[in-house]
Amino acid sequence: MNNRQIARRLFLAEKTVRNYVSRIFTKLEVHDRAAAVLRARDAGFGDQPDTVLPQHA
């Protein structure tokens, strides 16, 4: 989700979300969402990249 979508869902100002996301990036020492996702997966959050998901027919 982008900052605007997150703000709407959480009933926050978009600037507040932008500040929170920026703080998270700083703490994780990353520069974008993709790098944050990789860092989270490396830490054990979410599905692991080697997990095989079942295919739907």
Residue by residue, what Karplus-based ³J(HN,Hα) values in Hz, rounded to whole numbers, does the stretch 27-38 have, using 6.51, -1.76 and 1.60 with θ = phi - 60° and x for Gly and Pro? 5, 7, 6, 10, 10, 7, 5, 4, 5, 5, 5, 4
For the stretch 1-42, whose charge dipole is built from +1 on Lys and Arg Cβ atoms and -1 on Asp and Glu Cβ atoms, the candidate among 34, 10, 22 with its Cα farthest towards the positive end is 10
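Read-outs: derived from the displayed coordinates by stated rules, not from any lab. Please read all numbers here as calculations on a predicted model, not as lab measurements. Here Cβ is always computed from backbone atoms with ideal geometry, including for glycine, and neighbour counts include all displayed protein chains.
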